[in-house]
Amino acid sequence: MKNTYKYLLLLIVIAALVLVISSFTKNAPVDTSSDEVIATALYTDANGQEIPAEYTDGKVTINFNGEVMTLNQVISGSGARYANDDESFVFWNKGDEATVYVNDAIVFEGIDSQSLEEEQAEEVLPQEENSKSYLGSWEWAETVYPTDEGGAAPQPKSDKFVLTLNEDGTVNGTTDCNGFTGSYTVTNGTITFGDGFASTLKYCEGSQEAEFTSLLQRVQSIFQPNAESLVLELPLDSGQVIFKKK
């Protein structure tokens, strides 16, 4: 009988220990860090030295002078700062730049060459290299002047103002009175219309023709915010002549 009581007591003690251990396990902090690569970079300095870097959650792994090291993120006033245990080696990332300190002395300063390549690839091509999407007919939609520009910007009172840019470098169009023809060139995002336009000679009272053709003779640059719009910019940021696809 005594042995039976001993076994029962032992089972009760074991069950209590299991409950205690289970409670600690449930309340223990969970390590949520991950070794999944969040971002990569290739930092290059002025001398061509490169440091490849892989960023994970709270860590960075770099190859510095042939030595692969994983550094933990530490407190920093700005940017992301990573260091070894005694912080004698520090890798400091700010934006696209990285600096390496050894015993508080700078031994490397570089910029992410991958980021530069991506930015260059995303640059908008000059208008004449962008499939010449400006070709075709465009209706004068509005004119915009800066708020400090003297005088009101001329606005079209008719849908007759149409500009057609042809692939052979000729331009033709209509106004609220006459038709006109001429030439134009587009180079590196700038546009120039030839000296004057040839036009029919009908006279129309109250016509905006002179205002329209005068604006065209003044424009300096060309760009498209989207496929349905064309913007001709006046010199010195003095205004924009905006067209919509016809």
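Quick one: which residue in 129, 119, 123, 142 is among the charged types (D, E, K, R), farther than 20 Å from residue 190 by Cβ and either touching an Asp or Glu at 6+ places or on another chain (Cβ under 8 Å) or at pLDDT below 90 (or both)? Before the answer, list the steps.
Values: 129 fails: farther than 20 Å from residue 190 by Cβ; 123 fails: farther than 20 Å from residue 190 by Cβ; 142 fails: either touching an Asp or Glu at 6+ places or on another chain (Cβ under 8 Å) or at pLDDT below 90 (or both).
Exactly one residue qualifies, and that residue is 119.
Being among the small types (Gly, Ala, Ser) and surrounded by 15 or more Cβ atoms within 10 Å (Cβ to Cβ) is the filter; apply it to region 184-224 and report the residue that is nearest to residue 160 (Cα to Cα).
207
Yes or no: region 49-72 includes at least one residue that is at pLDDT below 85 and in a loop (DSSP other than H, G, I, E, B).
no
Might you check whether a residue that is touching a Leu at 6+ places or on another chain (Cβ under 9 Å), crowded, with 17+ Cβ neighbours inside 10 Å and modelled with pLDDT of 95 or more occurs anywhere in region 98-115?
no
With 230, 201 as the choices, which residue is aliphatic (A, V, I, L, M) and out of contact with any Leu (no Cβ under 9 Å at 6 or more places or on another chain)? If you could, list the steps in order and put the result at the bottom.
Values: 230 fails: out of contact with any Leu (no Cβ under 9 Å at 6 or more places or on another chain).
The unique qualifying residue is 201.
Just need a number here: residues in region 91-105 that are under 14 Å from residue 73 (Cβ atoms) and of a type in the set (Gly, Ala, Ser).
Residues of region 91-105 that are under 14 Å from residue 73 (Cβ atoms), as a first pass: 91-94, 98.
Subsequent filtering for residues that are of a type in the set (Gly, Ala, Ser) retains 98.
Counting residues in region 91-105 that are under 14 Å from residue 73 (Cβ atoms) and of a type in the set (Gly, Ala, Ser) gives 1.
Among the residues of region 48-79, count how many are under 16 Å from residue 107 (Cα atoms) and either exposed (fewer than 13 other Cβ atoms within 10 Å of the Cβ) or among the charged types (D, E, K, R) (or both).
5
Tell me, which strands (runs of 3 or more DSSP E) lie completely within region 132-208 with 3 or more residues that are of a type in the set (Gly, Ala, Ser) and free of Cβ contacts under 8 Å to residues at least 60 places away in the same chain?
Numbers: elements: 136-144, 162-165, 170-174, 179-187, 190-193.
Those strands (runs of 3 or more DSSP E) span 179-187.
Do the conditions hold for residue 170, that is, is it at pLDDT 90 or above, more than 38 Å from the chain's Cα centre (by Cα) and among the β-branched types (Val, Ile, Thr)?
Details: at pLDDT 90 or above: yes; more than 38 Å from the chain's Cα centre (by Cα): no; among the β-branched types (Val, Ile, Thr): yes.
Spelling it out, it is not the case that residue 170 is at pLDDT 90 or above, more than 38 Å from the chain's Cα centre (by Cα) and among the β-branched types (Val, Ile, Thr).
Pick from 213, 164, 175, 200: which is at pLDDT below 95, within 22 Å of residue 244 (Cβ to Cβ) and among the hydroxyl-bearing types (Ser, Thr, Tyr)?
213
Which condition number in (1) out of contact with any Pro (no Cβ under 6 Å at 6 or more places or on another chain); (2) over 19 Å from residue 137 (Cα atoms) is the one that residue 188 fails?
With (1) out of contact with any Pro (no Cβ under 6 Å at 6 or more places or on another chain); (2) over 19 Å from residue 137 (Cα atoms) applied to residue 188, the lone miss is (1).
The values are calculated or read from the model by the stated rules, or taken from the named source; none is laboratory data. Keep in mind that this is a model prediction, so the values were computed, not measured. A quick note on method: Cβ atoms are made from the backbone with ideal geometry, for glycine too, and the neighbour counts reach across all protein chains shown.
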